[in-house]
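Asker: I am attaching a structure below and will ask some questions about it afterwards.
Throughout, read-outs are computed from the coordinates displayed, never taken from laboratory work. Computed from a predicted model, the values in this text were never measured in an experiment. So basically every Cβ, Gly included, is an ideal-geometry build from the backbone, and we count neighbours across all protein chains shown.
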Amino acid sequence: MLLLGGAMTVSRALHAQQKAMPVIGYLGSTSPGSSAPLVAAFRLGLSETGYVEGQNVAIEYRWAEGRDDRLPALAADLVARKVDVITARAAGVRAAKAATATIPIVFVTGVDPVARGLVASLARPGGNLTGMTLFSIELISKRFEVLLELVPQATVIALLVNPDSGATAPMISGVQEAARAKGMQLAILKARAESEFESTFASLVQLEAGGLIVGSDTLFNDRRTELVALAARHAVPAIYDGRESVESGGLISYGTSLAGTYRQAGVYVGRILAGAKPTDLPVQQPTKFELVVNLNTAKALGLTVPPSILARADEVIE
């Protein structure tokens, strides 16, 4: 009986420890495969605050697989499981915010979180949300300028956007203004699913576009391999918002380090698990932007990358 009683005590203690382990809800808009580097960066940030998945913290993953209509149900499921904190990106942030006003949410977003009503201010977020901004929209005109350095002879530049994204209108506006200043034509291409990529790229030939700006969107990031392959097949010089696309064979990218941003998100989640409140953690803005060039792709396209770009590049892939 004493042995039995001791075993039950140990069992209860182990159960209590398991219940005491905090749980993070990871709400992914895309798929686990394409997001693996970002998840790794997120875990790295967590480890910097003393939290290691499987040892003293658990992570519940939910993936929308590119279908934003699934996000509300996935967010509601995480809330029902009473996770301690939720991390989300893009449309997942809105779904998480709608699902709970009490569970802390750490976001990664390319839109202005104040203008979108996610937080009261960058310095004092208020409520249960805080996180990281990517400056995706603010950098779109800069990508236009970088692309023109590569294809100065171009008279038409195309911009690929997802019409279902809330960031689309300001991105179009930003590039239109830059194009007008240069006296160039801007063609707007739209794709809301991978099935539309083929026809979208086929239209580039008809438009006689000399270059393509791939807009910032989780769909395009998740399907970067497919987009890079299409750009190569149609021999279109394209600029992307992240190094991941260039590492996959894309020509050039300019933007915030997405991996670095997810690492910082992991740090914030760890701090919240340790007792910090979202309202006391200011929204972080990027301070470093990466310019990455793939010389192999440039050679395949018959392009000579100007010294002005090579001198500024953070990394040159050969």
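Asker: With labels modelled as points extended 7 Å from the Cα through the Cβ direction, what inter-label distance (nm, one decimal) is found for ALA120 paired with GLU65?
Answerer: The modelled label-to-label distance comes out at 4.1 nm.
Asker: Along each of the three principal axes of the Cα atoms of the stretch 75-138, give the extent in whole Å, ordering the values from largest to smallest.
Answerer: If we take the Cα atoms of the stretch 75-138, the spans are 36, 21, 15 Å.
Asker: Here is a further query. Between LEU303 and ASP280, what FRET efficiency comes out of the Förster formula 1/(1 + (r/R0)^6) with R0 = 35 Å and r the beta carbon distance, rounded to 0.05? Working shown, then result.
Answerer: Values: r = 49 Å, r/R0 = 1.39.
About 0.10, to the nearest 0.05.
Asker: Taking the number of other C-beta atoms within 10 Å as the exposure measure, put LYS288, LYS142 in order starting with the fewest. Don't skip to the answer; put the middle values down first.
Answerer: Working: LYS288 8, LYS142 17.
Ranked by crowding around the Cβ, least crowded first: LYS288, LYS142.
Asker: Go through VAL108, ALA76, SER136 and say which Cα lies farthest out towards the positive end of the charge dipole of the chain; charges sit on Cβ, +1 for Lys and Arg, -1 for Asp and Glu.
Answerer: The residue sitting farthest along the positive end of the dipole is ALA76.
Asker: How high is the FRET efficiency from LEU310 to ALA98, r the C-beta distance, R0 41 Å, rounded to 0.05? Walk me through the numbers on the way to the answer.
Answerer: Values: r = 46 Å, r/R0 = 1.13.
The calculated FRET efficiency here is 0.35.
Asker: Also, quick follow-up: Please give the contour-minus-distance gain from ALA193 to ALA73: 0.36 nm per residue of separation, less the Cα-Cα distance, rounded to one decimal in nm. Provide the component values of the computation, followed by the final result.
Answerer: Values: separation 120, 0.36 × 120 = 43.20 nm, distance 2.04 nm.
Length difference between fully extended and current span is 41.2 nm.
Asker: Per 0.36 nm of contour for each residue apart, how much would the distance between ALA58 and ASP164 grow if the chain were fully extended, relative to their Cα-Cα spacing?
Answerer: Values: separation 106, 0.36 × 106 = 38.16 nm, distance 3.28 nm.
Answer, rounded to one decimal: 34.9 nm.
Asker: Provide the gained length on full extension for the span LEU295 to THR155, in nm with one decimal, where the gain is 0.36 nm per separating residue minus the Cα-Cα distance. Mind dumping the intermediate values first?
Answerer: Numbers: separation 140, 0.36 × 140 = 50.40 nm, distance 2.34 nm.
Result: 48.1 nm gained on full extension.
Asker: So for LEU46, LEU281, fewest C-beta neighbours within 10 Å to most, what's the order? Spell out each step's value before the answer.
Answerer: Values: LEU46 25, LEU281 19.
Lowest to highest Cβ neighbour count: LEU281, LEU46.
Asker: How do MET171, MET184 line up, fewest other C-beta atoms within 10 Å first? The partial results should precede the final answer.
Answerer: Values: MET171 28, MET184 16.
With the fewest neighbours first, MET171, MET184 line up as MET184, MET171.
Asker: Turning to a different aspect of this structure: What dipole magnitude, in Debye to the nearest 20, does the stretch 230-318 give about its Cα centre under +1 on Lys/Arg Cβ and -1 on Asp/Glu Cβ?
Answerer: Dipole size: approximately 140 debye.
Asker: If you don't mind, another one. For the stretch 166-318, what's the relative contact order in percent, using C-alpha pairs closer than 8 Å and at least 6 residues apart?
Answerer: Numbers: 166 pairs, mean separation 25.3, N = 153.
Relative contact order here is 17 percent.
Asker: Return P(r) of the stretch 230-318 (all Cα-Cα pairs; 5 Å bins starting at 0; whole %; ordered from short to long distances).
Answerer: 3, 13, 20, 18, 12, 9, 8, 7, 5, 4, 1, 0
Asker: Of ALA274, ALA169, THR261, which is farthest along the charge dipole of the stretch 167-316 in the positive direction, counting Lys and Arg as +1 and Asp and Glu as -1 at C-beta?
Answerer: ALA274
Asker: Now for a different question. For the chain, give the magnitude of the charge dipole about the Cα centre (Cβ charges: +1 Lys/Arg, -1 Asp/Glu; no others), in debye to the nearest 20. Provide the component values of the computation, followed by the final result.
Answerer: Values: 29 positive and 29 negative charges, 173 e Å.
The dipole of the chain has a size of about 820 debye.
Asker: Considering only lysines 8 or more places apart in sequence, or on different chains, count the pairs in the chain whose C-alpha atoms sit under 19 Å apart.
Answerer: Details: LYS19/LYS82; LYS82/LYS97; LYS82/LYS277; LYS97/LYS277; LYS142/LYS182; LYS142/LYS288.
So the count of such lysine pairs works out to 6.
Asker: Go ahead and estimate [θ] at 222 nm for the chain from helices alone: -39,500 (n - 2.57) per DSSP H run with n ≥ 4, summed, over the residue count, rounded to 500.
Answerer: Calculated from helices alone, the mean residue ellipticity at 222 nm is -12500 deg cm²/dmol.
Asker: I've got another one for you. Taking the mean number of other Cβ atoms within 10 Å as a proxy for protection, how do you rank 207-220, 30-43 from highest to lowest?
Answerer: 207-220, 30-43
Asker: Which of the trypsin sites (Lys or Arg not before Pro) found in the stretch 155-259 are in a DSSP loop and have at most 16 neighbouring Cβ atoms, other than their own, within 10 Å?
Answerer: Details: sites: ARG180, LYS182, LYS190, ARG192, ARG223, ARG224, ARG233, ARG243; in loops: ARG192, ARG223.
Qualifying residues, ordered by number: ARG192.
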